[in-house]
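The structure appears below as structure tokens.
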Amino acid sequence: MVGVGIIGCGAIAQTHAKVVQTLDGAQLVACCDIDQTNGITFAERFSCIFHQDFNQLLAMKEIELVIICTPHDLHQSMSIAALEAQKHVLCEKPMAITLQTIQDLISTIEKQSKLYHVCYQNRLNPTYLLLKKQLVDNIYGKITGIKCELAWERTPDYYQSDWKGTWQREGGGVLINQAIHMIDAVTWLVGTPEKMKGKIMTACLDHVIEVEDTAMAIALYHDDTPLVIQATNNYTGNPSPKLTFECEKGQIELTAEQLLFNQEVILEDLPQHSTRISKRYWGRGHQAVLSAFINEINGQADERITSLAGMDALQSLKIVLGIYASSRENNWISLNN
Ligand SMILES: NC(=O)c1ccc[n+]([C@@H]2O[C@H](COP(=O)([O-])OP(=O)(O)OC[C@H]3O[C@@H](n4cnc5c(N)ncnc54)[C@H](O)[C@@H]3O)[C@@H](O)[C@H]2O)c1
């Protein structure tokens, strides 16, 4: 039985805790939050021990896996502390908000014997997994263009928090928080482009947040294959984000619910066919990520393990931070170094 500790008892922590409750091989032992009210309410709801200081949670021998669900600016330092305390780590995205000290995290991951994953749960959607396999088998031919579209709605209420909407703590807006899931999927499916140019703006939420609510970027693979990224938090509702791939043999469209080739359904995974713990627009992959990770810790064969995000999560972070730099400098940014 894998003992689990959750740090940060806000919105997404509820999803992780509910998933842990469904897994035979795991048990939620303790939670931690600097906000005592949040933490105690969570501990009572999920019948676990509460700590206000995360070092106390890390000191618990019964905990093998730590899930980090805190604001973005804490991910890197908390991941390092947890790995150094000999815990396996599942960190919510992004892995960090700058690249200045990322080498410290990478060195710790390489040095410690414990496992480190980042929660990019969409990779484990059945439609995504099938496309990954098909691309490895090269059944669609050369890819000539990619489009990554995310149009969601985040109202001013969403930003009623001490970290969301700020450069210092969230590290950005729609790109680093929402669209990074899709950018991660692109890098996992087809790799990292060489260079990019992008623009960000704060449109409808300009009186609420200092970070961007809208972004547009072009990235290039081999100087000739474009990746177009369009992201906004100013839409109506939260439709499934979509990836489109133009290929030699036709067009692939990928969402959490469908994989289409030339508008024909290759695989459908509709919400009513599955038990959902997460909000619909987060996808339901938290269940898959946690069960695969627990299997990995227990040394059990699970083919999803190779699809979990680890240090390769750095690629989407580099793209997001590259778009911010490009927008500031109004220039192309190279991703080769
Ligand atoms: N994978 C997904 O689909 C998904 C969905 C939503 C959120 N997230 C990610 O989850 C993380 C948390 O987001 P959220 O919406 O749950 O945020 P939230 O603000 O609801 O919760 C964060 C919690 O962390 C606590 N916290 C802050 N500093 C702390 C500290 N030093 N020690 C312990 N606790 C501390 C806060 O008090 C709060 O309860 C973010 O990284 C976010 O991007 C991922």
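The values are calculated or read from the model by the stated rules, or taken from the named source; none is laboratory data. In this text, all values refer to a predicted model and were calculated from it rather than measured experimentally. Here the Cβ is made from the backbone with ideal geometry for all residues, glycine too, and neighbour counts use every protein chain on show. All accessible areas refer to the heavy atoms of the entire protein, side chains included, with ligands and DNA or RNA removed. Shrake-Rupley method; radii C 1.70, N 1.55, O 1.52, S 1.80 Å.
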Can you tell me how many residues in region 150-187 are open to solvent by 50 Å² or more (accessible area, probe 1.4 Å), near the ligand (Cβ under 9 Å from one of its atoms) and of a type in the set (Val, Ile, Thr)?
-> 0
Options SER326, SER316; residue that is in contact with an Asp or Glu (Cβ under 6 Å, 6 or more places away or on another chain), of a type in the set (Gly, Ala, Ser) and at pLDDT 95 or above = SER316
From the list ALA59, ALA43, ALA82, ALA30, pick out the single residue that is more than 8 Å from the ligand (Cβ to nearest atom) and under 30 Å from TRP167 (Cβ atoms).
-> ALA82
Can you work out which of the residues in region 312-322 that are of a type outside the set (Ser, Thr, Tyr) and touching a helix residue (DSSP H, G or I) at 6+ places or on another chain (Cβ under 6 Å) is surrounded by the fewest Cβ atoms within 10 Å (Cβ to Cβ)?
-> GLN315
Applying the selection to region 103-129, what residues are β-branched (Val, Ile, Thr) and away from the ligand (no atom under 16 Å from the Cβ)?
-> ILE106, THR108, ILE109, THR127
Could you grab the pairs with beta carbons closer than 8 Å, sequence gap of 6+ or different chains, first residue in region 132-157 and in contact (Cβ under 8 Å) with a residue 60 or more places away in the chain, second one of a type in the set (S, T, N, Q) and in a helix (DSSP H, G or I)?
-> LYS132/SER307; TYR140/GLN134; LEU150/GLN178; TRP152/GLN178; ARG154/GLN178
Say whether the condition of being surrounded by fewer than 22 Cβ atoms within 10 Å (Cβ to Cβ) and within 20 Å of the chain's Cα centre (by Cα) is met by at least one residue in region 139-147.
-> yes
Residues being more than 9 Å from the ligand (Cβ to nearest atom) and crowded, with 18+ Cβ neighbours inside 10 Å: count how many of those fall in region 85-101.
-> 8
Okay, strands (runs of 3 or more DSSP E) sitting entirely in region 1-119 with 1 or more residues that are over 28 Å from TYR158 (Cβ atoms), touching a residue at least 40 places away in the same chain (Cβ under 8 Å) and under 17 Å from the mean Cα position of the chain (by Cα), I get 116-119
Is it true that some residue in region 25-37 is open to solvent by 10 Å² or more (accessible area, probe 1.4 Å) and farther than 17 Å from ALA13 by Cβ?
-> yes
ARG276: passes all of (1) open to solvent by 40 Å² or more (accessible area, probe 1.4 Å); (2) in a helix (DSSP H, G or I); (3) modelled with pLDDT under 95 but (2)
